[in-house]
Amino acid sequence: MTPVVNTDELQSFLKSVFPKIPSNITKIGPGYLTMEQITKPHDIRPGGTISGPTMMALVDTAMYAVILGHIGIVALAVTTNLNINFLRKPEPGTLRAKANLLKLGKQLAVGEVTITCNDDPRPVAHATCTYSIPPQK
């Protein structure tokens, strides 16, 4: 799988449709994409850890971006399933997501996203996602 959209084009599109998106694409390559998000005070839940909704939004954004990076800008691709496992308590700082495409078909895309935090390589969350891809006209 070779990307058909570069990081600048993809980031520009994401910012145009989701102007408040807090994450930034750092790299796209064959079948994968990496993205970072610096956490803000509103991303932290009681107990001092990064909230689940913050990590789920990063997963969904990274998966959407890796798919669009490989099929082209198709605004109507939508999440049909997202399953996430929270593995460790992440400290505030920088979340890093790596999205991998497992299957990229004409109607469905399946992938996984692993999130790490700060400079620790151990995952804090792992998710699997399925997206519906609209038919080409």
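Considering only the stretch 56-85, state which residues are over 9 Å from the mean Cα position of the chain (by Cα) and over 16 Å from M1 (Cβ atoms). Answer for the stretch 56-85, where residues must be over 9 Å from the mean Cα position of the chain (by Cα) and over 16 Å from M1 (Cβ atoms): I73, A75, L76, V78, T79, T80, N81, L82, N83, I84, N85.
Being among the charged types (D, E, K, R), over 17 Å from T26 (Cβ atoms) and in contact with a Cys (Cβ under 7 Å, 6 or more places away or on another chain), is that true of even one residue in the stretch 65-88?
The first filter runs over the stretch 65-88 and keeps only residues among the charged types (D, E, K, R), leaving 88.
Now narrow it down to the ones that are over 17 Å from T26 (Cβ atoms): 88.
Adding the requirement that they be in contact with a Cys (Cβ under 7 Å, 6 or more places away or on another chain) leaves none.
No; the residues of the stretch 65-88 include none that is among the charged types (D, E, K, R), over 17 Å from T26 (Cβ atoms) and in contact with a Cys (Cβ under 7 Å, 6 or more places away or on another chain).
Scanning the stretch 21-47 for residues that are β-branched (V, I, T) and either open to solvent by less than 100 Å² (accessible area, probe 1.4 Å) or in a helix (DSSP H, G or I) (or both), we see that the one that is nearest to T94 (Cα to Cα) is T39.
For the stretch 3-20, the count of residues that are open to solvent by 30 Å² or more (accessible area, probe 1.4 Å), touching a Phe, Trp or Tyr at 6+ places or on another chain (Cβ under 8 Å), outside any loop (DSSP other than H, G, I, E, B) and modelled with pLDDT under 95 is zero.
Would you say A77 is touching a Leu at 6+ places or on another chain (Cβ under 8 Å), open to solvent by less than 20 Å² (accessible area, probe 1.4 Å) and modelled with pLDDT under 95?
On the way: touching a Leu at 6+ places or on another chain (Cβ under 8 Å): yes; open to solvent by less than 20 Å² (accessible area, probe 1.4 Å): yes; modelled with pLDDT under 95: yes.
Yes, satisfied.
Filtering the stretch 86-100 to residues that are small (G, A, S) and surrounded by 17 or more Cβ atoms within 10 Å (Cβ to Cβ) leaves A97, A99. I'm checking my understanding of the structure. Among residues of the stretch 101-137 that are closer than 22 Å to P22 by Cα and surrounded by fewer than 15 Cβ atoms within 10 Å (Cβ to Cβ), which one is modelled with the lowest pLDDT? Among those that are closer than 22 Å to P22 by Cα and surrounded by fewer than 15 Cβ atoms within 10 Å (Cβ to Cβ), it is D119.
The values are calculated or read from the model by the stated rules, or taken from the named source; none is laboratory data. Note that the structure is predicted; figures quoted are calculated from it, not measured. All Cβ positions, even for glycine, are placed from backbone atoms using ideal geometry, and neighbour counts span all protein chains on display. Note: accessible area is taken over every heavy atom of the protein model, side chains too, but ligands, DNA and RNA are not part of it. Shrake-Rupley method; radii C 1.70, N 1.55, O 1.52, S 1.80 Å.
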